[in-house]
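Notes to accompany the following structure.
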């Protein structure tokens, strides 16, 4: 597993744009066009790292720098909107997380639901195939790679 800090992951909690903007204003942050773009990206996508958020942001505004992304994520973390860690963490909550239903959204908007038992079996089989003991797993990061 890649532990480099340039791929810092975060967990997005459930917030809407208006709530986030209100909390940022309350904290004394200016609400800039760049910050609004970053909030939209974070709410719209399941980006797993600062680099992914930055890549999405420069598609909209090429002047957004990686430092802006890091600062924005730090602000969002301070107000409790995100938590910089793995998106889907399987540690002490390993069994509870795996027993939860997994939903996959396809580009054609079809949804597929995978029951928790099948999800757990799939992860465990993959670990066995890779010769990894399930007890050695600290976290699992699900990331779109195509």
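The values are calculated or read from the model by the stated rules, or taken from the named source; none is laboratory data. Because the structure is a prediction, the values reported are computed rather than measured. Here Cβ is always computed from backbone atoms with ideal geometry, including for glycine, and neighbour counts include all displayed protein chains.
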**Prompt:** Can you name every residue in the range 96-110 that is at pLDDT 75 or above and touching a strand residue (DSSP E or B) at 6+ places or on another chain (Cβ under 7 Å)?
**Reply:** none
**Message:** For a quick check of your reading of the model, give me the residue pairs whose first member lies in the range 124-141 and is in a helix (DSSP H, G or I), whose second is at pLDDT below 80, with beta-carbon atoms closer than 7 Å and at least 6 apart or on different chains.
**Reply:** 124/134; 127/134; 127/137
**Prompt:** Can you pull out the residues in the range 37-65 that are in contact with a helix residue (DSSP H, G or I) (Cβ under 8 Å, 6 or more places away or on another chain), part of a helix (DSSP H, G or I) and farther than 12 Å from residue 76 by Cβ?
**Reply:** 37, 40, 51, 54, 56, 57, 60
**Asked** Could you count how many residues in the range 37-55 are at pLDDT 80 or above and surrounded by 19 or more Cβ atoms within 10 Å (Cβ to Cβ)?
**Response** 8
**Fill in**
Apart from one, (1) in a helix (DSSP H, G or I); (2) within 16 Å of residue 75 (Cα to Cα) all hold for residue 29; the odd one out is (1)
